[in-house]
Every structure is written in structure tokens, then in C-alpha cells.
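The values are calculated or read from the model by the stated rules, or taken from the named source; none is laboratory data. Values in this document were obtained by computation on a predicted structure and should not be read as measured data. Every residue, glycine as well, gets a Cβ built from its backbone with ideal geometry; the counts of neighbours run over all protein chains shown.
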Amino acid sequence: MSKGFVRLVVLAAVVGLVGVVSVVPSSAHDEATYYDGRWRNDDLDNGVEWHFTAAVPSGTDFRSRVVDSQATWNGEPVPMFFDQAPEIDNPGNNCESVSLSDVGAVHYKDIDGGGGTLGVTSTCALQSAPNTLRTFKMNLDDSENWYTGTGSPPGNQIDVQSVATHEFGHAAGAQHFPNNNQVCPNNSTMETMCPFYTAGTGWLASLESHDEHTFSNAYP
């Protein structure tokens, strides 16, 4: 995916090891199109476990904003939810070898330098059940000028809560919505799962109707 124009920066998802962008009519709320995979029933009962890795900043409010972004999805009336667990040292950072014991993790590593791709999330499945998600690996770019507050970020900063909320959507199995003015206008009404973020905004930190409908349809 190419970088956006001035002040727009890219958000990304990986399913297995293959990137996917859905293109469907913007009026549709078809979970089969927007969700490439879903979590198994055991995870719906007990929550999708995930951990911070040690590299994720702990001396600021960075982790708090990531936890807040999890809470945005957990606040929806669906049977799927995320469950934060204690920090973990080395959970792996890709989907090259998925086992039954793998756990979700949030990493903090360089992706492509500042101002490019802000976050990447891989959702992983076993080859024997490719549509059943088993773990996820989220990486937030350590080269960005992150805003970790709860108000409106300055124009030169990236709101970590907005980006992490988008990435948790990928962790739930969601793909990007089509980039058009109906679903993804460059204003406060844009959906969280739009494929770009505008610096200096917190627009993606709250779910909009398309986010909610596709999520509830995927996990009725």
C-alpha cells in the first residue's frame, strides 16, 4: 500500500503473511467480506489473550492508551473480547510458525521510519483451519512522534490510541474498508477501519456505525 498524501499516513494489516484490502460497496455490512477470519469458540468464551512485550514504553501513558483502545472493542455487545495478560519476553513477532500455545502480543519496533506505516497487525491461523484465528502480532512503529494523552493531539503527533484501536480491529479479524468519501471521509466521521490516519486527530479512537455493524455480524 502506498503512503497517503500530506499528513495522511498508512495503517496496515497482514492475514497469515498476505496483505489484503477489501473493495466492496460502501453500503454493505457483510462480515464475510470484511472479516477474513474469526476467533474460535474457546477464545470467545475466555477472551483473546494478549501481552505487551518488554520493548513497549512503560514509563509514559503509551501502554494505558493501548489498553484503552482494547476497551473500545470490548465495549461492543458481542461475544468476542480481548484479555490483557502480564508482560511477556519473547512471544514471536510473525506467523511463520503458529502453535496451539501461541499468544497475542503488542510489539514496539521500527517498521519503515517515521511518517510511513504506523502499525502492522498479523492475524495467524493453523494451515489445517485457515479461517480460524489462533493468535495475533501487533507492531506499533517506534519511529513515530506518538501522542499518549487523552485529548486532541497536536498537529505534528500521532495519536497512539487511534492507531491501536485500528490495529485491534485487525486483531479481531477485520480488514480495511474501501477508501471512499462515504465510509472514509477525511473528517471526524471516518470509520476506525479506514486504511489511513490523519496526523493530529483522534478520529479512529472511537468506532463508527460501519465498524460496529461488521463486528457484530462477524460475532453474532
Report task. Report whether or not T165 is out of contact with any Gly (no Cβ under 7 Å at 6 or more places or on another chain) and surrounded by fewer than 23 Cβ atoms within 10 Å (Cβ to Cβ). Result -> no
Query raised in the report: Right, T189: outside any helix (DSSP H, G or I) and touching a residue at least 40 places away in the same chain (Cβ under 8 Å) or not?
Result: no
Query raised in the report: Restricting attention to the stretch 168-190, which residues are within 16 Å of W73 (Cα to Cα) and either modelled with pLDDT of 95 or more or of a type in the set (A, V, I, L, M, F, W, C) (or both)?
Result: F168, G169, A171, A172, A174
Query - Search result, residues across the stretch 195-219 that are touching a residue at least 40 places away in the same chain (Cβ under 8 Å), out of contact with any Pro (no Cβ under 6 Å at 6 or more places or on another chain) and outside any helix (DSSP H, G or I) - result: P195, F196, Y197, T198, A199, T201, G202, S206, L207
Query raised in the report: Which condition number does T150 fail, the rest of (1) β-branched (V, I, T); (2) under 16 Å from S206 (Cα atoms); (3) crowded, with 22+ Cβ neighbours inside 10 Å being met?
Result: (3)
Requested in this report: Report, by residue number, each residue of the stretch 39-52 that is crowded, with 20+ Cβ neighbours inside 10 Å and not aromatic (F, W, Y).
Outcome: D43, V48
